[in-house]
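The values are calculated or read from the model by the stated rules, or taken from the named source; none is laboratory data. Model, not experiment: these values are computed from the prediction. Here the Cβ positions follow ideal geometry from the backbone for every residue, glycine too, while neighbour counts run over all protein chains shown.
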Amino acid sequence: MRMREIDLLVEAEFLYPVSEGNPIVHGGEVAIAGDRILHAGPAMPAGTWRPARRLGGRGRAVLPGFVNCHSHAASIVFRSQTDDRAAKSALFDVAFRMEKDIADEEWALLAEVGCADMLRAGITTINDIWYAPWHLAAAVERCGLRAQIAHKVFDVRLEELHRGDWTHLAARGEARLRDGVDFVARWHGAAGGRIGGRIGTHATDTCAPGLLRDARAEATRLGVGMHVHAAQSAGEVERILAAHGCGPLEHLRDTGMLADDVVVAHLTLATDADLDAVRETGARYAHCPTIYPRRGRYPRLDAILSRGIPTGFATDWMQNDPFEGMRNAMNAMRLLRADPAALECAEAIRLHTMGAARVMGLDAEIGSLEPGKKADLVVVDIDRPHLQPYYGAHAALAFYARAGDVEASVVDGRVVLEGGRPVLLDEARALAALAPRIPAWRGRLEALGSRAVFGPGCACCG
Ligand SMILES: [Zn+2]
C-alpha cells in the first residue's frame, strides 16, 4: 500500500470527535491535508500516512477547537471592575461611561491580548461585537483565529444611561451603522475566509426600532448575519414593555429583525412569548454560563433547549475559559433543577463545539472532527496531576481539565498554538505594549467611582 502524503497528523490517546452519537475513540488520530480533515477516528495502520508534521501523541486528548459564539475580546480592560456589583450599576456607572474614552489604538492593544487569551484557552473561533472591530480583525488575521466580527451599533449615549437618559439619537445610530457596514464590506471573507462580518445591533433598548430595521436591511443586502444582546437586564425588559407592550424578543420579531442568521445573546429574562418568538423566526442563541451566576440570575436553558432553539456556549466578556464555562453551566443547571443529571458532560462539550458552530451558521465546516470539515482542533495535555488517572470519559475533560492544559491548536490546518503559546502572535510584545496604558485606565476607573481599584497608598502606584 502506498503511503499517503499529508500535511499534519494529530495523534490522540483519547479522541473526542463530537460527531454523531458523541463517541470517544481510545487511540485515535486526525489526518489533515491543507485546511481539511481527511480522516478522524481510530488510528490507521502504520504506514498509512506520510505526514510532513506530527502533533499530539500519548498523554494527549484531541477535540474540536472550542467555538465561542458571543465574545468581546477587547473588553478585558474592565476585568475585576464590574464583577461585584455587576447586576446593579457597575456596568452603567463604570463600563458604559469609560468605553467612549478608550482610543482606537488602545482597543487594538486590548484585542491582541484578548486573542492571545482565547488561543491559550483552546478557543479557535469567536463571534465578537465591540468597538474598533477593524483592529480585532487585523489581530485575528495575524494570530490565526477564526472569527465573525461586528461593529457595536447603538443610538443612545451609553455614558448617559446611568442617569436614566435613553434618548435615541438617530444620526449617531446611522453613523455607527455606516461604520459597521463599511467594516463588513472590507473584512467579510478576509484571511482566506477565516474572517466573516456581521451587523451588530447592541441591544433592544439601545437601538430605536428604525435603527433595528435599517440594520436588518443592511445585513440582508450584504448577505451577512446579525448579533444582538436581548432580555439581558430588568431595566431593558421594563423599557421595552413600556414602549412596545411586549418582551424584547417579541419586539425584535415585530421589527422584522429576527431570522435564522441572527445570534441572540443572553435571553436571561425572556418570557415564554419571547422564547416562542426566537423559535418561530429560527434565530439562534448564545448562552454565556460564566457571566450569569455572577449576576445572580440564570437563563431558562431547559425551556430554550426544549423548544429546539439552536444553542451554543460562549464566554461573553473578560473571562475566556471554556472549561470553566462548561462547569458553570452544569453546576447551575443541576442546582436549578435539583437534579445531578440536568446537563451532562458530553452535552456540555457539544454545546461549546458543534452547538456554538451551528449558532454561527458554521456547523457544516467546523465544530466536529469529521472528514471533509475544516481542520480546527485542540490538543490537551492530560499527563497532569489534576487529570490523573485519565480514564477518558467526557467528564474527565468537562469537569477536570483547565484552559492551561491546552497545549496546541490548529485552525484551517495551521498550527496556531504550540507548547501552550500562540505561534503567530508576539504575546510578550502585546503584553509589554499594554502595560504603560494601565495607570491611566486605573485613574479613569477611580474617577468613575469604581470600588474595585487599588486605593491611594499602594506602594507601586501612589
Ligand atoms: Zn455580551
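Residue pairs whose Cβ atoms lie under 6 Å apart, sitting 6 or more positions apart in sequence or on different chains, and linking a residue in region 265-286 that is in the same structural domain as His251 (by TED's automatic domain parsing) to a partner that is assigned to a loop (DSSP other than H, G, I, E, B) and polar (S, T, N, Q), are His266/Gln232; Thr268/Gln232.
Counting residues in region 378-390 that are surrounded by fewer than 21 Cβ atoms within 10 Å (Cβ to Cβ) and among the hydroxyl-bearing types (Ser, Thr, Tyr) gives one or more.
Residues of region 410-424 that are within 27 Å of Ser80 (Cβ to Cβ) and buried (at least 21 other Cβ atoms within 10 Å of the Cβ): Leu417, Pro422.
Would a scan of region 35-44 turn up a residue that is in a loop (DSSP other than H, G, I, E, B) and either modelled with pLDDT under 95 or surrounded by 20 or more Cβ atoms within 10 Å (Cβ to Cβ) (or both)? Scanning region 35-44 turns up no residue that is in a loop (DSSP other than H, G, I, E, B) and either modelled with pLDDT under 95 or surrounded by 20 or more Cβ atoms within 10 Å (Cβ to Cβ) (or both). Looking at Glu446, is it without any contact (Cβ under 8 Å) to a residue 24 or more places away in the chain and either in contact with a helix residue (DSSP H, G or I) (Cβ under 7 Å, 6 or more places away or on another chain) or over 14 Å from Val18 (Cβ atoms) (or both)? Judged against the criteria, Glu446 is a match. A count restricted to region 291-304 and to residues that are over 15 Å from Arg334 (Cα atoms), of a type outside the set (Lys, Arg), away from the ligand (no atom under 12 Å from the Cβ) and in a helix (DSSP H, G or I) stands at 1. Using the structure shown, decide if Trp107 is in contact with a Lys or Arg (Cβ under 9 Å, 6 or more places away or on another chain), among the aromatic types (Phe, Trp, Tyr) and either within 14 Å of the ligand (Cβ to nearest atom) or within 30 Å of Ala428 (Cβ to Cβ) (or both). Criteria not met by Trp107.
Residues checked against (1) touching a strand residue (DSSP E or B) at 6+ places or on another chain (Cβ under 7 Å); (2) within 30 Å of Gly164 (Cα to Cα):
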residue: Gly21; (1), (2): no, no
residue: Ala40; (1), (2): yes, no
residue: Ala43; (1), (2): yes, no
residue: Gly47; (1), (2): no, no
residue: Ser80; (1), (2): no, yes
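Do you know which of the residues in region 69-92 that are away from the ligand (no atom under 13 Å from the Cβ) and crowded, with 21+ Cβ neighbours inside 10 Å is modelled with the highest pLDDT? Among them, the one singled out is Val77. Looking at region 9-24, is at least one residue hydroxyl-bearing (Ser, Thr, Tyr), within 16 Å of the ligand (Cβ to nearest atom) and under 26 Å from the mean Cα position of the chain (by Cα)? Checking region 9-24: not a single residue is hydroxyl-bearing (Ser, Thr, Tyr), within 16 Å of the ligand (Cβ to nearest atom) and under 26 Å from the mean Cα position of the chain (by Cα). Candidates in region 247-290 are the residues that are within 21 Å of Leu362 (Cβ to Cβ), crowded, with 24+ Cβ neighbours inside 10 Å and among the small types (Gly, Ala, Ser); of these, the one that is nearest to the ligand (Cβ to nearest atom) is Ala265. Per this entry, Ile195 is not counted among residues that are within 16 Å of the ligand (Cβ to nearest atom) and either in contact (Cβ under 8 Å) with a residue 60 or more places away in the chain or surrounded by 15 or more Cβ atoms within 10 Å (Cβ to Cβ) (or both). Which one is surrounded by the fewest Cβ atoms within 10 Å (Cβ to Cβ) among residues in region 204-241 that are at pLDDT 95 or above, small (Gly, Ala, Ser) and assigned to a loop (DSSP other than H, G, I, E, B)? Restricting to residues being at pLDDT 95 or above, small (Gly, Ala, Ser) and assigned to a loop (DSSP other than H, G, I, E, B), the top hit is Gly223. For beta carbons closer than 7 Å, sequence separation of 6+ or different chains, a first residue in region 157-181 that is more than 16 Å from Glu99 (Cβ to Cβ) and of a type in the set (S, T, N, Q) and a second that is surrounded by 13 or more Cβ atoms within 10 Å (Cβ to Cβ) and at pLDDT 95 or above, the qualifying pairs are Thr167/Val156. Residues that are in a helix (DSSP H, G or I), in contact with a His (Cβ under 7 Å, 6 or more places away or on another chain) and more than 16 Å from the ligand (Cβ to nearest atom): does region 182-189 have at least one? Yes, the conditions are met somewhere in region 182-189.
Scanning region 305-317 finds no residues that are at pLDDT below 95, surrounded by fewer than 17 Cβ atoms within 10 Å (Cβ to Cβ), on the phi > 0 side of the Ramachandran plot and more than 13 Å from the ligand (Cβ to nearest atom). Only one entry of Ala208, Ala230 meets the criterion of being more than 16 Å from the ligand (Cβ to nearest atom) and of a type in the set (Gly, Ala, Ser), and that entry is Ala208. Answer yes or no as to whether Asp128 is within 16 Å of the ligand (Cβ to nearest atom) and at pLDDT 95 or above. Yes; evaluated as a whole, the condition is true for this residue. The single condition among (1) touching a Leu at 6+ places or on another chain (Cβ under 9 Å); (2) assigned by TED's automatic domain parsing to the domain that holds Gly189; (3) closer than 18 Å to Ala73 by Cβ that Arg437 does not meet is (2). Please go through region 45-68 and give me each residue that is surrounded by fewer than 22 Cβ atoms within 10 Å (Cβ to Cβ), at positive phi and either within 16 Å of the ligand (Cβ to nearest atom) or touching a residue at least 60 places away in the same chain (Cβ under 8 Å) (or both), ordered by number. Answer for region 45-68, where residues must be surrounded by fewer than 22 Cβ atoms within 10 Å (Cβ to Cβ), at positive phi and either within 16 Å of the ligand (Cβ to nearest atom) or touching a residue at least 60 places away in the same chain (Cβ under 8 Å) (or both): just Gly59. Within region 323-346, the set of residues being within 16 Å of the ligand (Cβ to nearest atom) and either assigned to a loop (DSSP other than H, G, I, E, B) or closer than 12 Å to Asn68 by Cβ (or both) comprises just one member, Gly325.
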